[in-house]
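Just below is one structure, and these are the notes that go with it.
The values are calculated or read from the model by the stated rules, or taken from the named source; none is laboratory data. Because the structure is predicted, anything quoted here is derived from the model rather than measured. Positions of Cβ are generated from backbone atoms using ideal geometry, with glycine treated the same way; all protein chains shown enter the neighbour counts. These area figures cover heavy atoms from the full protein model, side chains too; ligands, DNA and RNA do not enter into them. Shrake-Rupley method; radii C 1.70, N 1.55, O 1.52, S 1.80 Å.
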Amino acid sequence: MESGYFHHALEIIEDICIGCSHCMTVCPTEAIRVKQGKAKLFEDRCVDCGQCYHHCPVNAIRVAHDDFNDIFNFKYRVVVVPTVFIGQFPEEFSTNLIYNTLHELGFTHVIECGPGVELLMEAYSSPVQKARPLISSFCPAIVRLIQVKFPSLVDNVTLLKAPLDIAALLIKKKLTDSGIPEKETGIFYITPCAAQIAAIKNPQDSTSSLFNGVINMDLIYNKVYSQLHKNGKKFSQQPERLHLSKEEIEWTLTNGEAVHAKGRSLAIDEIHNVIDFLEKLENETISDVDFLELRACDQSCAGGILGTANRFLTVERLRNRGANVKSNGNGHSNDEIIQYAGFIKKHLATEPIKPQSMLKLDEDMLKAMNKMKQASEIMRSLPGVDCGICGTPGCSALAEDIVRGNGRIEQCIFIQRRKEQTGTQSLRDSFYIMEQIWGRDKLE
């Protein structure tokens, strides 16, 4: 991989990659090229949305996570579970049964993401930030998308912790207050997507992560599901757990946040829909919106790339679960949130997010403007058909690569033919250029 700004969870396995270019075509930030017959990632453009992982036909892209056995490095082993994990299972398996099975796997404490959401709802109803529309910081892929592709909107991103961080903060405080030394506690997150791994390993602000590790949801699902079939559907004891409210359960679904925001609020999911909307917002063709809930995956976290169940069935289970919750009348999921509300509020804010524009062609403004002018001139000589044969997503991407020193205009097959006709480039040279892009195997 080429040098970049962020930690990335997505990794291309070159031995498996066949250079089909499917990943390059679907990448919403044009972060992938094909060189020597293999996909290559431009790290400064990647937002870990997982589109490449989802569309790879040969499973050459993996989501790197921590070893499950790392949990046993700690005496007290906490797992923070997204509600969509419970939604992966058929409703015949109760939440209590799933909690008990996680304990059987080795976790001493289980906590779902959700406690403290009512504090976020309070923050949304009385926002401190003046920028409009406010954009939720819930989805880390969207936060990174704004950093690299829409840097003018970074001040619109809410500076509030996500529910998984609040859950980790709460359980860490509870265990410390009970006399357990912090070094004996390991907190692990079960993630439905690659972007959460990247966010945990490399938080958007400069604070250290609350987690000691992160494990892919499909791996834990398979372990739990296997154990459930071995044990049957009865649980031996009532697990200790925080019972979530309807709002906490549904927060992770599309429209889970927007319904609680003040003013005109919209919920948009799937990263290409989000990009289309943000382009309109940046171009000021959309106005009078107060809050935006933006999620990278279709159906939000229910559609995470590490999910095993059908995303619509996951949504159905969580909606049903939320509908069956009985209110305790105090507006909070349980008394522990009331007890720790002051502590959570004190740590709810995050640091401002900094732009990391992928559009910047050079750190020197004058050089950047000259390169922009060069790229425009190059574009005029390219056919504008975005065929991808040059190993880039399209003509504009090739033009940018050229001015950055990462490409040459002869990669364009139309330019090659023109040069061959005028005698300024030989067939042998053209063959060599295509070999550098697609590899010798595809040309023989």
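Shape of region 258-306 from the C-alpha gyration tensor: oblate (a/c of 1.5 or more and a/b not above b/c, with a ≥ b ≥ c the square roots of its eigenvalues). In the elastic network of the chain, a GNM with C-alpha springs shorter than 10 Å, the most mobile of Cys23, Cys113, Cys387 is Cys387. Solvent-accessible area per residue in region 165-204 equals 33 Å², computed with a 1.4 angstrom probe and all protein chains kept. The apolar share of the surface of the chain, taken as the fraction of accessible area on carbon and sulfur atoms (1.4 Å probe, ligands and nucleic acids excluded), comes to 49 percent. Potential lengthening of the chain between Lys346 and Asn406 amounts to 16.9 nm, from the contour at 0.36 nm per residue minus the alpha-carbon distance. If R0 is 51 Å, the Cβ-Cβ spacing of Gln238 and Lys35 corresponds to a FRET efficiency of close to 0.35. In terms of its C-alpha gyration tensor, region 269-384 comes out prolate, because a/c is 1.5 or above and the ratio a/b outweighs b/c.
Here is the tail figure for region 42-141: Cα pairs spaced more than 23 Å apart come to 55 percent of all pairs. Remark on Ile61: its backbone amide H falls under 5 Å from those of Ile13, a criterion applied only to residues 5 or more positions apart or on other chains, H modelled at 1.01 Å from N. The value given for region 190-230 is a Kirkwood hydrodynamic radius of 11.5 Å, derived from the mean inverse Cα-Cα separation. Counting only residues at least eight positions apart within a chain, or on another chain, the lysines with an alpha carbon under 17 Å from that of Lys35 are Lys442.
The C-alpha atoms of region 80-222 occupy a region whose extents along the principal axes are 48, 37, 28 Å, arranged from largest to smallest. R0 = 56 Å: FRET efficiency of Glu377 with Glu91, Cβ-based, nearest 0.05? Efficiency, rounded to the nearest 0.05: 0.40. Between the amide H of Ala131 and any residue lying 5 or more places away or on another chain, no distance stays under 5 Å, with hydrogens modeled in the peptide plane. For Ala39, the residues whose amide H sits under 5 Å from its own are Gly19, ignoring neighbours fewer than 5 places away on the same chain, with H placed 1.01 Å from N.
Within region 1-86, all pairs of alpha-carbon atoms sorted by distance into 5 Å bins from zero give the percentages 3, 13, 21, 20, 14, 10, 10, 6, 3, 0. Take region 344-443 with all the other protein chains still there, run a 1.4 Å probe, and you get 61 Å² of accessible area per residue.
Using only Cα coordinates, the Kirkwood hydrodynamic radius of region 349-444 works out to 15.1 Å. Looking at region 1-113, the accessible area is 38 square angstrom per residue; that uses a 1.4 Å probe and ignores ligands, DNA and RNA. In this label model, Leu219 and Phe68 are separated by 0.8 nm, measuring between points 7 Å along each Cα→Cβ vector. Across the chain, Cα-Cα distances exceeding 29 Å account for 51% of all pairs.
Computed from the alpha carbon positions, the gyration tensor of region 173-284 leads to an equivalent ellipsoid with semi-axes of 33, 21, 18 Å, biggest first.
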